[in-house]
1. With the condition kept exactly as written, say whether any residue in segment 221-235 is closer than 30 Å to Ile5 by Cβ, surrounded by fewer than 21 Cβ atoms within 10 Å (Cβ to Cβ) and among the β-branched types (Val, Ile, Thr).
2. Could you please let me know if Glu418 is farther than 30 Å from Val118 by Cα and surrounded by 15 or more Cβ atoms within 10 Å (Cβ to Cβ)?
3. Can you run down the residue pairs with Cβ atoms below 7 Å, 6 or more apart or on separate chains, where the first is in segment 170-186 and over 15 Å from Val140 (Cα atoms) and within 15 Å of the ligand (Cβ to nearest atom) and the partner is assigned to a helix (DSSP H, G or I) and charged (D, E, K, R)?
4. Restricting to segment 119-143, give me the number of residues that are part of a loop (DSSP other than H, G, I, E, B) and out of contact with any Asp or Glu (no Cβ under 6 Å at 6 or more places or on another chain).
5. Out of (1) modelled with pLDDT of 90 or more; (2) buried (at least 20 other Cβ atoms within 10 Å of the Cβ), what's the single condition that is false for Tyr465?
6. From the residues in segment 29-50 that are open to solvent by less than 60 Å² (accessible area, probe 1.4 Å) and in a helix (DSSP H, G or I), which one is nearest to Ala375 (Cα to Cα)?
Amino acid sequence: MAGKIRIAVMHFAHETVTFLRNDTTLSDFIYPGSPAKGEALLKAYPKSYMGGFVKMAREFDSVELVGIESPLWPKTYMGSGWVTEEAFETLVGRMIEGLKAEGPFDGVYLSLHGAMAVRGIARPEAELARRVREVVGPKVPIAATFDLHGNEDDEFLEHADIGFAVKYFPHYDEYLQGERAARMLLRLIRGDYKPAHVTRKVPILTATVRMWTGASPWADLIQRALTWEAREPDVYVNVFFGFPFADVPDVGITIQATTNDNAKLAAEIAKDIADFAWRKREPLLSSTKISSIAEGVALAKQAVAGGETPVVLADHSDRSGSATFLLKEIIAQDLSGVIIATIADAKTTAKLKADGAKAGDAFDMEIGGLVDESAGAPVRIRGTILNAVEGHGQFWVVVKFGRDNVLILSTYLVQMMEPFSLATLGLDIRTFKVFAIKSRVHFRKGFDDNAFAKTILLVEPDQPYLGTVHLDALPYRNVDLKKYYPYGEPKFRS
Ligand SMILES: [Zn+2]
């Protein structure tokens with residue numbers, strides 16, 4: 001092909017917990033740096049999908065990438081509910097305007113997540129692809145990358161040509177899937193690859209805490225997809241585990257197989273992996289041990305006594321970031337040497353910021369809780385402020401209390417993925433025996449898969465709140481739980 005190959009690059013991502021009370025609004029997507037366009041967009045997430053895509057695409061001299069003005073992740077990150085229609089229409093409207101203004105293009109890359117939920121739009125990623133298709137016409141290839149928590153069915157690929165989801169949870173292969181998307185988009189543009197895809201739904205619905213791919217049988221499910229990709233040239237398999245905390249019609253497990261113009265092979269692969277997931281449905285749901293908060297804190301105490309430290313106490317269920325159940329129990333069982341990271345409390349952190357809180361100040365306040373029943377009641381903490389600092393769009397307050405315990409207050413939900421990030425708050429991580437964090441699986445990256453922690457304990461409150469494994473306690477309106485294992489007797493056709 002002579003001349004430049006022009007590729008439009010766009011980004012729109014959210015993992016929406018539709019059961020949270022705070023909507024994800026237009027203003028949540030607008031902050032210094034977001035929306036981003038041009039080089040700023042292309043450099044926005046250098047180690048993630050975007051970074052991989054840009055790196056690979058720029059290996060080819062003939063390629064010109066154009067960053068179309070796009071929103072980055074909202075300020076609330078994953079701690080917010082339904083994306084408003086105003087946010088979706090305004091942001092997508094601007095993206096589409098940008099696409100028209102900067103075109104024409106030979107290809108489009110969409111950097112997505114897949115579990116965005118928008119009021120009034122059942123399948124927002126597919127809707128975005130549909131609108132992009134309207135602009136670029138039927139012949140211009142559209143490639144996308146996804147998180148494996150995407151809630152997807154075949155609608156996205158009715159408008160786009162090919163998609164690549166990460167295979168690991170934690171998502172180690174975001175950059176790799178971005179690279180693949182670039183390489184394949186170029187092959188599609190050159191007419192060297194003609195995607196044939198088959199999508200299969202598997203009616204299994206479960207909480208994300210169970211989905212760690214570091215152990216069987218989730219590891220086996222992914223290995224099966226990897227084996228198909230390795231044994232047949234030009235095969236790509238997406239195994240979407242789905243995201244159950246979004247009340248949308250396409251939840252549950254989804255398998256997508258894509259081949260180079262071989263529909264029969266795509267069907268064979270999708271069926272094989274879907275059948276495998278269905279056969280393994282019982283162990284898929286029972287392999288992860290989850291303790292009550294009281295039990296977990298007692299086990300942490302035992303592990304400390306036995307020298308099996310550091311210990312991770314992960315409250316996987318906290319969706320707002322404000323939950324205080326674990327903090328309360330740590331105080332009740334008088335644990336020492338614990339770091340609690342974090343309790344999200346927008347009001348308290350705003351007040352502390354306004355009051356000019358600084359290191360050395362005495363601290364005596366009720367913190368956390370209240371945002372909804374899953375956050376519990378506020379807890380009174382008396383101690384000394386060690387640090388109070390602005391960073392990443394949040395205000396952070398570090399409070400020392402009790403017997404060598406440290407509490408970190410943040411503005412929004414913070415998922416602590418690795419202990420060393422605490423050093424930026426002036427903390428020496430070696431001094432802590434227990435890390436009480438809010439994370440389901442992502443923490444395994446920096447606490448488990450790297451052998452940092454000797455003891456890993458997953459906990460959740462006894463009550464079936466938002467975020468716990470008790471999905472049947474959630475007020476779904478768009479999902480009929482009876483159609484999913486283990487909540488009913490779903491029909492699965494092999
Ligand atoms: Zn994910």
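The values are calculated or read from the model by the stated rules, or taken from the named source; none is laboratory data. On a predicted model such as this, the values are computed, not experimentally measured, just so you know. Please note: Cβ atoms are built from the backbone with ideal geometry, for glycine as well, and neighbour counts cover all protein chains shown. For the accessible areas, the whole protein counts, side chains as well, though only heavy atoms, and no ligand, DNA or RNA atoms are used. Shrake-Rupley method; radii C 1.70, N 1.55, O 1.52, S 1.80 Å.
1. The answer is yes; a qualifying residue exists.
2. Here the answer is yes, as Glu418 does meet what is asked.
3. Listed by first residue and then by second, the contacts come to Pro170/Arg444; Pro170/Lys445.
4. 5
5. Of everything listed in (1) modelled with pLDDT of 90 or more; (2) buried (at least 20 other Cβ atoms within 10 Å of the Cβ), Tyr465 misses just condition (1).
6. Phe29
So that you can scan it fast, the table gives a plain yes or no per residue for (1) over 20 Å from the mean Cα position of the chain (by Cα); (2) under 24 Å from Glu373 (Cβ atoms):
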| residue | (1), (2) |
| --- | --- |
| Gly426 | yes, no |
| Arg430 | yes, no |
| His442 | no, no |
| Leu466 | no, yes |
| His470 | no, yes |
| Arg477 | yes, yes |
| Tyr485 | yes, no |
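Yes/no per residue for (1) within 16 Å of the ligand (Cβ to nearest atom); (2) charged (D, E, K, R); (3) surrounded by fewer than 22 Cβ atoms within 10 Å (Cβ to Cβ); (4) not in a helix (DSSP H, G or I):
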| residue | (1), (2), (3), (4) |
| --- | --- |
| Arg6 | no, yes, yes, yes |
| Val9 | no, no, no, yes |
| His14 | yes, no, no, yes |
| Ser27 | no, no, yes, no |
| Val54 | no, no, no, no |
| Glu64 | no, yes, yes, yes |
| Leu72 | no, no, yes, yes |
| Gly79 | yes, no, no, yes |
